[in-house]
Amino acid sequence: MRVTREGVSVYDRAGRELQRPIRITAQSGNTTGKGEYRHFMLKEIYEQPSVIGDTLNSFINPATRAITLPPEIVAAVSAAPRLTLVACGTAFYACMVAKYWFEQVARIPCEIDVASEFRYREAPLPQGGVAVFVSQSGETLDTLEALRYCKRQKQTILSIVNTIESTIERESDLVLHTLAGPEIGVASTKAFTTQLTTLACLALAVAAQKKAQDEAVLGQMAEALRHLPALVNSALKTVTGPVEKLAAEIAQARDVLYLGRGLMYPVALEGALKLKEVSYIHAEGYAAGEMKHGPIALIDESVPVVVMAPADSLFEKTASNVQETIARGGQVLLFSDAEGMKKITAKCRWSVALPQAHPFVTPVLYVIPAQLLAYHVAVSKGTDVDQPRNLAKSVTVE
């Protein structure tokens, strides 16, 4: 490639000049500017109801209102003996959530791996397997190299990307796009929730194809997905004020722990990552049941413990972990719904109520207050929210 004042010239390996078609982007200044917001991160958090809606609409049949994905993708995933999900960072946590969905809802065995470790395991992959690669930029080198390893293992490659015509997309057999639009803030927010939305639609479509669940059960999950943009919008309206008020106290902490069970475990990991990225506070996410196996030794009066606990089938077990934390002086911040609040909020230092939601969509809903907490703590500390130190938006080296 040669860039001059006159323009850009592209050449092949033999030095021959190539002609590339000119593509007009649909993006405008509204999507790449901060508008009325102080930071891109906050703007992108508030864009989530819209971009989740855009992503959902791309998968909903306008005539039947059914979630409908390209048949070749649904067929390939439905026939796979096993899925291998690979990603880095925040996208890896999206894969962790998807593992629950694919196994519980679609009844397909899944393996998940961090891309930077995956190919060095030299994992044997099954004949007819599908490897799913999730990336915001579509250029993450570790993810790309893992993809190439899977291609050599004769896996069908499905990529889920936000950037059209990225390298990962070009090297994939099948592609699904997350319609998050440009994400300028380095700490991913709307890209993550649209990845989750896409994976949820895929899990439901495959479950329907395989008849893995009763039609009524799948119908309830699909209905919950269709109402997700409104639910996220409601959460933004109700939790922003309370989270902003308590952020100044959390900002004084040196360490913060995040706890969750089931689908909330990856959300706890993502919440801890967001806080680390933008506030530079040391934070760790744990499966709540693992607290007693070591991390409980870290708890004292100076350590806030953020608990993600919707009133689902695992709530009572999480509540028990909350009691153990409080008994050892831990300062608990509880994110739950009205039903959960009635049971344990009185013993927590802080509590923030979220709307009631179907368990299938709670990972998308409960990451919203985690994002807002990280943002407002970072603002309170005066860090560079949009460009955290040492981080890059697209990691193109190993």
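The values are calculated or read from the model by the stated rules, or taken from the named source; none is laboratory data. Please read these numbers as outputs of a predicted model, since none were measured by experiment. Using ideal geometry, Cβ is built from the backbone for each residue, glycine included, and neighbour counts are taken over all protein chains shown.
Going by the conditions given, is Pro304 farther than 14 Å from Gly340 by Cβ, modelled with pLDDT under 90 and not assigned by TED's automatic domain parsing to the domain that holds Thr90?
no
Output the residues belonging to segment 121-145 that are among the β-branched types (Val, Ile, Thr) and either within 13 Å of Pro81 (Cα to Cα) or touching a Leu at 6+ places or on another chain (Cβ under 9 Å) (or both).
Once the filter is applied, which keeps residues that are among the β-branched types (Val, Ile, Thr) and either within 13 Å of Pro81 (Cα to Cα) or touching a Leu at 6+ places or on another chain (Cβ under 9 Å) (or both), segment 121-145 yields Val130, Val132, Val134.
If a residue counts only when it is in contact (Cβ under 8 Å) with a residue 12 or more places away in the chain and aliphatic (A, V, I, L, M), which helices (runs of 4 or more DSSP H) contained entirely in segment 1-119 have at least 2 such residues?
Helices (runs of 4 or more DSSP H) meeting the threshold: 40-46, 48-57, 71-79, 89-104.
Thr156: surrounded by 19 or more Cβ atoms within 10 Å (Cβ to Cβ), closer than 24 Å to Met221 by Cβ, of a type outside the set (A, V, I, L, M) and not assigned by TED's automatic domain parsing to the domain that holds Pro369, yes or no?
It is false that Thr156 is surrounded by 19 or more Cβ atoms within 10 Å (Cβ to Cβ), closer than 24 Å to Met221 by Cβ, of a type outside the set (A, V, I, L, M) and not assigned by TED's automatic domain parsing to the domain that holds Pro369.
Suppose we filter segment 323-353 for residues that are touching a residue at least 40 places away in the same chain (Cβ under 8 Å) and of a type in the set (Val, Ile, Thr); how many remain?
Result for segment 323-353: 2.
Look through segment 161-183, keep the residues that are part of a strand (DSSP E or B) and touching a residue at least 40 places away in the same chain (Cβ under 8 Å), and return whichever of them is farthest from Ala98 (Cα to Cα).
Leu174
With the requirement that a residue be buried (at least 21 other Cβ atoms within 10 Å of the Cβ), of a type in the set (Lys, Arg) and more than 21 Å from the chain's Cα centre (by Cα), what does segment 259-314 give you?
Matches in segment 259-314: none.
Give just the number: which of (1) more than 20 Å from the chain's Cα centre (by Cα); (2) surrounded by 15 or more Cβ atoms within 10 Å (Cβ to Cβ); (3) at pLDDT below 95 does Pro388 not satisfy?
Just one mismatch for Pro388, condition (1).
For every residue, the table says whether it meets (1) closer than 15 Å to Val130 by Cβ; (2) buried (at least 19 other Cβ atoms within 10 Å of the Cβ).
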| residue | (1), (2) |
| --- | --- |
| Leu141 | no, no |
| Ile160 | yes, yes |
| Glu165 | no, no |
| Asp173 | yes, no |
| Thr178 | no, yes |
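Please work out which residue is surrounded by the fewest Cβ atoms within 10 Å (Cβ to Cβ), limiting yourself to segment 344-384 and to residues that are closer than 30 Å to Gly219 by Cβ and in contact with a strand residue (DSSP E or B) (Cβ under 8 Å, 6 or more places away or on another chain).
The qualifying residue surrounded by the fewest Cβ atoms within 10 Å (Cβ to Cβ) is Ala353.
State whether one or more residues within segment 344-359 are modelled with pLDDT under 90, within 18 Å of Val243 (Cβ to Cβ) and either in a helix (DSSP H, G or I) or among the hydroxyl-bearing types (Ser, Thr, Tyr) (or both).
Among the residues of segment 344-359, at least one is modelled with pLDDT under 90, within 18 Å of Val243 (Cβ to Cβ) and either in a helix (DSSP H, G or I) or among the hydroxyl-bearing types (Ser, Thr, Tyr) (or both), which makes the answer yes.
Which residue is modelled with the lowest pLDDT, if the candidates are limited to segment 13-40 and must be touching a Gly at 6+ places or on another chain (Cβ under 8 Å) and not β-branched (Val, Ile, Thr)?
Only one residue fits best here, namely Gln27.
To keep it simple, each residue is scored yes or no on (1) of a type in the set (Gly, Ala, Ser); (2) outside the structural domain of Glu324 (by TED's automatic domain parsing); (3) without any contact (Cβ under 8 Å) to a residue 24 or more places away in the chain.
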residue: Val186; (1), (2), (3): no, yes, no
residue: Cys201; (1), (2), (3): no, yes, no
residue: Ala207; (1), (2), (3): yes, yes, no
residue: Ala251; (1), (2), (3): yes, no, no
residue: Tyr258; (1), (2), (3): no, no, no
residue: Gly262; (1), (2), (3): yes, no, no
residue: Lys276; (1), (2), (3): no, no, yes
residue: Tyr280; (1), (2), (3): no, no, no
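Among the basic types (Lys, Arg), crowded, with 19+ Cβ neighbours inside 10 Å and over 30 Å from Ile368 (Cβ atoms): is that true of Arg119 in this structure?
Spelling it out, Arg119 is indeed among the basic types (Lys, Arg), crowded, with 19+ Cβ neighbours inside 10 Å and over 30 Å from Ile368 (Cβ atoms).
Looking at Val186, Val217, which one is assigned to a helix (DSSP H, G or I) and β-branched (Val, Ile, Thr)?
That would be Val217, the only listed residue that is assigned to a helix (DSSP H, G or I) and β-branched (Val, Ile, Thr).
State whether one or more residues within segment 363-383 are modelled with pLDDT under 95 and of a type in the set (D, E, K, R).
No: zero hits.
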